[in-house]
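Notes follow the structure.
Every number in this text was worked out from the coordinates using simple rules, so none of it is lab data. Keep in mind that this is a model prediction, so the values were computed, not measured. Every residue, glycine as well, gets a Cβ built from its backbone with ideal geometry; the counts of neighbours run over all protein chains shown.
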Amino acid sequence: MNNKTKKLEVSHEELDLIASALETQMKILNMQANAGGHGALARLNEVKRLLATVSSRREKGKPSGPQKTGMWSLLRAMGPAI
């Protein structure tokens, strides 16, 4: 992986979506690692570290007070899937 870092502005809703995707990826990699998948355990550990970083950024940037945002609001904004 590249060790160069760049600053990127990401909304709280986008961080929620990224965290959700990483959690799904973690579940998939966990199943692959348990089944003996080559390299899945190393990749799983990378995803876990990234998820921890994203989660800590989510907590730092979480606005205070009641909100109408989050995953459900994002899904509602996207409209019906069918």
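Things worth noting here:
- Taking 0.36 nm per residue of separation and subtracting the Cα-Cα distance, full extension of the segment from ALA42 to ARG58 would add 3.3 nm.
- Each residue in HIS12, HIS38 was given a count of other beta-carbon atoms within 10 angstrom of its own, and listing them fewest first yields HIS38, HIS12.
- Anisotropy class of segment 12-60 from Cα gyration tensor, a/c 1.5 cut: prolate
- The residues ILE18, ILE28, when put in order of fewest to most other Cβ atoms within 10 Å, stand as ILE28, ILE18.
- Put in line by how crowded their Cβ is, counting other Cβ atoms within 10 Å and starting with the fewest, LYS48, LYS4 read LYS4, LYS48.
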